[in-house]
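Trainee: Please read through the structure below; I'll follow up with questions.
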Amino acid sequence: MAGIDDVVIKEGVEEDTVEAVRSLGEKYKYGWETDIEMDYAPKGLTEDIVRLISRKNEEPEWMTDWRLQAYRRWLEMKEPEWAMVDYPEIDFQDQYYYARPKSMETKPQSLDDVDPKLLATYEKLGIPLKEQMILAGVEGADEVPADGANSDRKVAVDAVFDSVSVGTTFKKELEQAGVIFCSISEAIREHPELVKKYLGSVVPQSDNFYATLNSAVFSDGSFVYIPPGVRCPMELSTYFRINAENTGQFERTLIIADKGSFVSYLEGCTAPQRDKAQLHAAVVEIVILEDAEVKYSTVQNWFPGDENGKGGIYNFVTKRADCRGDRAKVMWTQVETGSAVTWKYPSCVLRGDDSQGEFYSIAITNNHQQADTGTKMVHLGKNTKSRIVSKGISAGVAQNTYRGLVSMHPKATNSRNYTQCDSLLIGGTCGAHTVPYIEVKNNSSRVEHEATTSRVDEDQMFYCRSRGMDEEEAVALIVNGFAREVLQALPMEFAMEAQQLVAISLEGSVG
Amino acid sequence: MMAAVAQPKLDALSERLAGHALPEGGKWATETRKAALARLEAMGLPAPRDEYWRFTRPTTLNAPDPLPAAVFDHGGEAPVFGQIDRLKIVFVDGVFDAEASDPLELAGIEIERLEEAAGADIHWARDLYGVLETSGQSPVERPFAALNTAFAREGLVIRVTGKAARPVNLIYRHGDETSDGLVHHVVRLEPGADLTLLENGPSAARLNQVLEVEVGDGAAFHHVRTQGRDHERQAITHIFARLGRESTFKSFTLTVNGRLTRNECVVEMRGDDALAHIAGAAMGDGARAPFHHDDTVFVTHDALRCESRQVFKKVLRNGAVGVFQGKILVKPGAQKTDGYQKSQSLLLDEDSQFLAKPELEIYADDVACSHGSTSGAIDEEGLFYLRSRGVPEPEATDLLVLAFLADAIAEIEDGAVAEDITGRLEAWLRRRRG
């Protein structure tokens, strides 16, 4: 393929223009990498590496022991094989488990001290300047008044670059509300009582192969605590960036919504374009107490591999929310467009009476991507309600699987579930699969499940085409319509981004 | 991609097979049986943790001896399908009973006993016996079917060359409380042929049955069975069907009672424009003996413009358990496929359970495939309406139960047979009310 790189650029053409054209030609717009000096732990995984990660994070002994325990369990575990994904065997010893920019060794005091490359990374990813200053760890940046557009709608960000959290914004303002929002490594040092109480209480240390691996080697991630009765004054967000080569990213997020509180949490992720696949195994645990509510939205845009299936992120994620208190509420919304392989089942344990779980998902796979994703709704409490809306879109030679469980325990009387899984196939060489498990163990609960699989409607295509749209635009519009119930569940900024992503992900899928 | 078989599965198999030898006296069948045994030995028996046995414990099916099952007293009730003009063939505890059967003669079809066919030097059944079963072993293993192919002595080999003059009715009688039935039928419908096969009765304390059916181009096969009302009996049955161009396959099963029933139906649509409807109605009461009913269906679309329907309804009470594992697999190129699965259960009390896994696996884009699954208690409004019209609650409940099952019964093509089934359900419900 003749790219712009092969063309001799005429004199007088601005570098910016070339860059803009180049980015248009590329399908994955975050595929660049930051050339930055990194500190690596030696390759491979041993007890020493686990200890080293713990030491680098300045963790107390109990945490080191917890990790080691997980590591020992992991050695005895087998990689799960039941998912409908097929990838070459992962050599867990051929990975770096810890990578951090050299400049982050000591926290920079002012903007001038910050590695400009790190700053440029955030800028390029589209994170505003004001936040950028804070992200770079400059103290006092909180006092800078937010600029116009941001003044009434703030989003606090925790940015994770490879293995470390680079910084967290709006900390002071959040502190005034009593909200704790920091990196998990900081939380382990500063709030050990909370971490000790809740870490591993939703996703146990040895829950599954990848979660156990994460428990042993997680390097950073975000921690959120919303005190009783507090409505978090702004949306919280974590931005994950994998940059270093051959490095696995293992972040761990712990969110605790105390009684009667509310928080909306956003998660975004990108990675450079590389030939070699990279591993990502995250764990997200959410504890929701009485009357509290958590909304967790993800736009997952890891590098999906190129159109020939080379490279990309292997995304093995365990996400679970535990509605521990009565009337607790959780809502997962995910837009999965990236990753070569996705293995992800954000789940809801509806323990409290009258608690509610919702799951809205769009998973788009194109080229050689494979996604096996869905949710689990475990109804334990009385009068619990859950709703699942899943939209899978498959193009190219991709495979897209919805896998889900709805379980009504004998004591979960008068509970309700509604599930709708729709799959859309674009082209005759891809696959779309639905694997739902339904277990009903009491008769006062109602469970309804519907699934459909179809292709892009020809009448709709014809209509769009007759109005002057080209085929790709028409498909993007129809797919956005197909997925609208999920897009509507996203916070506004994410919804805009997701709509564009839908179009980008399907580029080259028709014609 | 043969993974190492877990030792407990092999141990269970060798325990089960101890003292059993392959049937003797076969010609071509000897090789077929040996091959089936080799297949079986490569997979072992199902383990409780196998994904395909997630909802049904195979333990009592694996056991070397069947649990004893009391013979059900029909109390002088008229036999099922008794009103229909049919050819009767009787098996007692899984063994052919020539005296009780009509002569094996009927215009349009040839009927032989498996034993005879197996002993022939050349026989058309060679191309079918164990062949469809083998094909149905992938992608999911079905060890009990392989066991059946290897060890079954009893069964019929039926070739249909035209329109069968009358339905063929296989009647299974249960006489011995510890009988372990092993029956294997093979049916081939030549192009354009037409057969209605009726089956009724429990057969044995424990039954392992395989039915292999090849439906030729333009042929039609209608199958209706009732599985007998013995409360303690157990059954594992398999239907393997291969469908030719523009052929029709319709199968309906009514299950009432039974400690354990697992009905697997594996349909492969190989010719364009074929049609397959698989339906089941189960009514289970766990009060007298446990009731566990499992419908496991696997439909493969491997041709153009085929239509498949799966309609399964279950009414469960007193700790009864209903299972539905259904799958539609659409292979690459099987365009214009129309596939639908419906699995519904009515839970009449708090203790009953419904476990389902309705699966779609689709590799072609121009298809319309869907499934719907619901589970819940009886419709309170419907009940209220009937009661307000003076219908006592037990009768009102039964009316709603019959209405609920009607969708599945509607899949029976023959009106007289459908009427027989509905009438019987009404009678049984009445008898239950006392």
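Any read-out appearing in this document is the output of simple, stated calculations on the displayed coordinates, not a laboratory observation. Everything numeric in this text was worked out from a predicted model, so none of it was measured. Here the Cβ positions follow ideal geometry from the backbone for every residue, glycine too, while neighbour counts run over all protein chains shown.
Trainee: Listing B:L400, A:L425 from the residue with the fewest other Cβ atoms within 10 Å to the one with the most, what is the order?
Mentor: If I rank by nearby Cβ atoms, fewest first, I get B:L400, A:L425.
Trainee: Mind giving me the nanometre distance, one decimal, between the label points for B:R389 and A:R72, set 7 Å out from Cα along Cα→Cβ?
Mentor: 7.0
Trainee: Still on this structure, I have one more. When only C-alpha pairs under 8 Å and at least 6 residues apart count, what is the relative contact order of chain A, in percent?
Mentor: Contact order relative to length: 10 percent.
Trainee: Report the gain in length on full extension from A:K310 to A:E105: 0.36 nm times residue separation, minus Cα-Cα distance, nm rounded to one decimal.
Mentor: Taking A:K310 through A:E105 to full extension adds about 70.4 nm, to one decimal.
Trainee: Hey, got the dipole for chain A? About the Cα centre, +1 on K and R Cβ, -1 on D and E Cβ, debye to the nearest 20?
Mentor: Its charge dipole is roughly 2140 debye.
Trainee: For the protein assembly as shown, what is the percent of antiparallel DSSP beta bridges, rounded to the nearest 5?
Mentor: Beta bridges within the protein assembly as shown, antiparallel portion: roughly 10 percent.
Trainee: While we're looking at this one, here's another question. Would you mind classifying the protein assembly as shown by shape? Square roots of the alpha carbon gyration tensor eigenvalues, ordered a ≥ b ≥ c; an a/c under 1.5 is rounded, otherwise it is prolate if a/b is larger than b/c and oblate if not.
Mentor: The shape class here is prolate.
Trainee: Farthest toward the dipole's positive end in segment B:21-377, which of B:L346, B:I171, B:W28, given Cβ charges of +1 (Lys, Arg) and -1 (Asp, Glu) about the Cα centre?
Mentor: The listed residue farthest towards the positive side: B:L346.
Trainee: Could you let me know the centre-to-centre spacing of segment A:455-511 and segment B:378-434, using Cα atoms, in angstrom?
Mentor: When both Cα centres are located, 47 Å separates them.
Trainee: Additional query: What shape does chain B take by its C-alpha gyration tensor, where a ≥ b ≥ c are the square roots of the eigenvalues and a/c under 1.5 counts as rounded, a/b above b/c as prolate, and the rest as oblate?
Mentor: In terms of gyration-tensor shape, rounded.
Trainee: Work from the charge dipole of segment B:21-377 (Cβ charges, +1 for Lys and Arg, -1 for Asp and Glu, about the Cα centre) and give the residue of B:P64, B:C306, B:A42 farthest towards its positive end.
Mentor: So the residue furthest toward the plus end is B:C306.
Trainee: Based only on the alpha carbon positions, what is the Kirkwood hydrodynamic radius of segment A:330-435, in angstrom?
Mentor: 14.0
Trainee: Once each part is reduced to its C-alpha centroid, what is the distance from segment A:362-381 to segment A:193-248 in angstrom?
Mentor: Measuring centre to centre over Cα atoms gives 20 Å.
Trainee: Among the DSSP beta bridges whose two residues both lie in chain A, what percent are antiparallel, rounded to the nearest 5?
Mentor: 10
Trainee: Going by C-beta contacts inside 10 Å, put A:T453, B:T374 in order with the fewest on the left.
Mentor: The most exposed by this proxy come first: B:T374, A:T453.
Trainee: Compute the semi-axes of the equivalent ellipsoid of segment A:43-344, taking the square root of 5 times each eigenvalue of the Cα gyration tensor, and list them largest first in whole Å.
Mentor: 28, 24, 20
Trainee: At B:E381 and B:W428, where each label point lies 7 Å from the Cα along Cα→Cβ, what is the point-to-point distance in nanometres?
Mentor: Each label point is offset 7 Å from its Cα along the Cβ direction, giving 3.0 nm.
Trainee: What percent do you get for the relative contact order of segment A:43-344 when only Cα pairs under 8 Å and 6+ apart count?
Mentor: 16
Trainee: For the charge dipole of chain B, defined by +1 on Lys and Arg C-beta atoms and -1 on Asp and Glu C-beta atoms about the Cα centroid, which residue among B:Q83, B:L104, B:L316 has the Cα displaced farthest towards the positive pole?
Mentor: Farthest towards the positive end: B:L316.
Trainee: Hey, got the dipole for segment B:2-80? About the Cα centre, +1 on K and R Cβ, -1 on D and E Cβ, debye to the nearest 20?
Mentor: Result for segment B:2-80 is approximately 320 debye, rounded to the nearest 20.
Trainee: Report, in listed order, any pair from A:K56/A:K78; A:K319/B:K331; A:K172/A:K319; A:K29/A:K117; A:K376/B:K313 with a Cα-Cα distance greater than 22 Å.
Mentor: Violating the 22 Å Cα-Cα cut-off are A:K56/A:K78; A:K319/B:K331; A:K172/A:K319; A:K376/B:K313.
Trainee: Can I ask one more? Taking the Cα centre as origin and putting +1 on Lys and Arg beta-carbons and -1 on Asp and Glu beta-carbons, what dipole magnitude results for segment B:21-377, to the nearest 20 debye?
Mentor: It comes to approximately 580 debye.
Trainee: Could you give the alpha-carbon Rg of chain A over 2.2 N^0.38 Å, rounded to two decimals?
Mentor: Compactness ratio reported: 0.95.
Trainee: Right, next: With both partners inside chain B, how many of the DSSP beta bridges are antiparallel, as a percent to the nearest 5?
Mentor: Among the beta bridges of chain B, antiparallel pairing accounts for roughly 5 percent.
Trainee: Further, regarding this structure: Within 10 Å of each residue's Cβ, count the other Cβ atoms and sort A:D372, A:D86, A:D326 from fewest upward.
Mentor: A:D86, A:D326, A:D372
Trainee: Spin-label point model (7 Å from Cα, Cβ direction): what's the B:S14 to A:N480 distance in nm?
Mentor: 6.5
Trainee: Among B:M43, B:M269, B:M283, determine the one that fluctuates most according to a GNM of chain B built with springs between C-alpha atoms less than 10 Å apart.
Mentor: B:M43
Trainee: Per DSSP H run of at least 4 residues, take -39500 (n - 2.57); add these up for chain B, divide by its residues and hand me the 222 nm value, nearest 500 deg cm²/dmol.
Mentor: Mean residue ellipticity, 222 nm, calculated: -6500 deg cm²/dmol.
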